[in-house]
Amino acid sequence: MLNVGVIGVGHLGSLHAKMFADIPSAKLAGVFDIDSGRKRSIASECATTPFGSLEELLENVHAVTIATPTGSHFDVASKAIDRGLPVFIEKPITATVDQAEELVRKASAKGVTIQVGHIERFNPAILALEHYHINPMFIESHRLAQFNPRGTDVAVVLDLMIHDIDIILSLVNSPVEKIEANGVPVVSETTDIANARLQFTNGCVANVTASRISQKKMRKMRLFQRDAYISIDFSEGLAEVFRLVDADEQSSTPTMMLGEIELGARKRKIIYEQPAVKETNALRYELELFVKTVSSGGKAIVSGEDGLRALTVAHEIMEKINQQKLVL
Ligand code: NAD
């Protein structure tokens, strides 16, 4: 049984605490928040201990999750890692790339697991694609949200686009070669809408848009590759695959034939598949995997290095946006 402590029990941390209270392989040992009213009310809801200080929590647990505002991730995670405690850190891993590098270095020196809360990796639509060969050459992604003042202390790139950056880096097996980006602060002091074009050394291009000033919500990604078009709807947890296959190919997934194409002597057909999606609560699943990784050893599926890579690309995008000459 792994004793876990939750640090920062605001919007997301309170959900962490409720999940850990319900995961059989873990015990919610307690919570800490600098807002003592919040700390007591979540502790009472989850029937756990509201620790008096961060140090007291760290002395009484085997592992922690950190869901404080991003600006404090580095300080809080450093204290836990220095004590040899594994950490689950909400995304983005830290505010700056230097801090993320330092955390990854510290954790490696101590042999401690870092998992980063890039939750979309556990979206049922992404999990449904695990048996497909994915090698996209063009990606189009849109993450559009309605305005909410929470989170506007950081640019939309760090708040929303970083989810898609992480997914894209996990799907494209090639280094980023070039980044172009633009963005506009429309209602807040930081960028509210941004577009980035990531070019990879294997030729793949990803065109990524994130906005927090949309009327309608949308979280979609489309992948185009040799012989396939894959559409991912993160909001619906739905993946759709259109593939060009040999006319006699049998598929284990229920398939609808959309048409036939004759390419020289080769007869091919276009098929449509909706790979089965397992009912999954992505937050619960990523926290269960954290407990499993910590208990059995091994590397987290979304490691500190992954968090660092996504943050590095996000910062390069923000730098490009800052270099724009906007006459406002
Ligand atoms: P929030 O403001 O609702 O909660 C943060 C909590 O941390 C508050 O209760 C605050 O009192 C507490 N806190 C602040 N500094 C602290 C400290 N040093 N020690 C202990 N407690 C402290 O914020 P939120 O929306 O829950 O976001 C928290 C983190 O989760 C952020 O990093 C955010 O980017 C991330 N987040 C991730 C997702 C996701 O999809 N994975 C979604 C939302 C937020």
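Out of all the residues in segment 5-47, which are in a strand (DSSP E or B) and within 15 Å of the ligand (Cβ to nearest atom)?
Of everything in segment 5-47, those that are in a strand (DSSP E or B) and within 15 Å of the ligand (Cβ to nearest atom) turn out to be Gly5, Val6, Ile7, Gly30, Val31, Phe32.
Mind checking which residues of segment 142-163 are outside any loop (DSSP other than H, G, I, E, B) and either touching a strand residue (DSSP E or B) at 6+ places or on another chain (Cβ under 7 Å) or more than 10 Å from the ligand (Cβ to nearest atom) (or both)?
His142, Arg143, Leu144, Val156, Val157, Leu160, Met161, His163
Between a residue in segment 98-123 that is within 21 Å of Leu289 (Cα to Cα) and of a type in the set (Phe, Trp, Tyr) and any residue that is modelled with pLDDT of 95 or more and buried (at least 17 other Cβ atoms within 10 Å of the Cβ), which pairs come within a Cβ distance under 8 Å, given they are 6 or more apart or on different chains?
Phe122/Ala282; Phe122/Tyr285; Phe122/Glu286; Phe122/Leu289
Give the residues of segment 177-193 that are under 11 Å from Ile213 (Cβ atoms), within 21 Å of the chain's Cα centre (by Cα) and touching a residue at least 40 places away in the same chain (Cβ under 8 Å), sorted by residue number.
Across segment 177-193, the qualifying residues are Thr191, Asp192.
Considering every residue within segment 85-92, establish whether at least one is more than 27 Å from Thr312 (Cα to Cα) and touching a Phe, Trp or Tyr at 6+ places or on another chain (Cβ under 9 Å). Walk me through it before giving the result.
Within segment 85-92, the subset more than 27 Å from Thr312 (Cα to Cα) is none.
Looking for residues that are more than 27 Å from Thr312 (Cα to Cα) and touching a Phe, Trp or Tyr at 6+ places or on another chain (Cβ under 9 Å), one finds none in segment 85-92, hence no.
Considering Val76, Val116, which residue is within 14 Å of the ligand (Cβ to nearest atom), in contact with a Phe, Trp or Tyr (Cβ under 9 Å, 6 or more places away or on another chain) and under 20 Å from Gly151 (Cβ atoms)?
When all the criteria are applied, what remains is Val116.
Of all the residues that make up segment 225-243, how many are out of contact with any Phe, Trp or Tyr (no Cβ under 9 Å at 6 or more places or on another chain) and part of a strand (DSSP E or B)?
The initial filter retains those residues of segment 225-243 that are out of contact with any Phe, Trp or Tyr (no Cβ under 9 Å at 6 or more places or on another chain), namely 226-227, 232-238.
Adding the requirement that they be part of a strand (DSSP E or B) leaves 232-233, 238.
Residues flagged as out of contact with any Phe, Trp or Tyr (no Cβ under 9 Å at 6 or more places or on another chain) and part of a strand (DSSP E or B) within segment 225-243 amount to 3.
Anything in segment 147-178 that is surrounded by fewer than 23 Cβ atoms within 10 Å (Cβ to Cβ), over 13 Å from Ala310 (Cβ atoms) and at pLDDT 95 or above? List them, or say none.
If the condition is that a residue be surrounded by fewer than 23 Cβ atoms within 10 Å (Cβ to Cβ), over 13 Å from Ala310 (Cβ atoms) and at pLDDT 95 or above, then Ser174, Pro175, Glu177, Lys178 are the ones that fit.
Which ones in segment 272-298 are of a type in the set (Asp, Glu) and in a helix (DSSP H, G or I)?
The initial filter retains those residues of segment 272-298 that are of a type in the set (Asp, Glu), namely 273, 279, 286, 288.
Residues satisfying the conditions are Glu286, Glu288.
The values are calculated or read from the model by the stated rules, or taken from the named source; none is laboratory data. Note that this is a predicted model, so its numbers are computed, not measured. Counting neighbours? That spans all protein chains shown, and the Cβs are built from the backbone with ideal geometry, glycine included.
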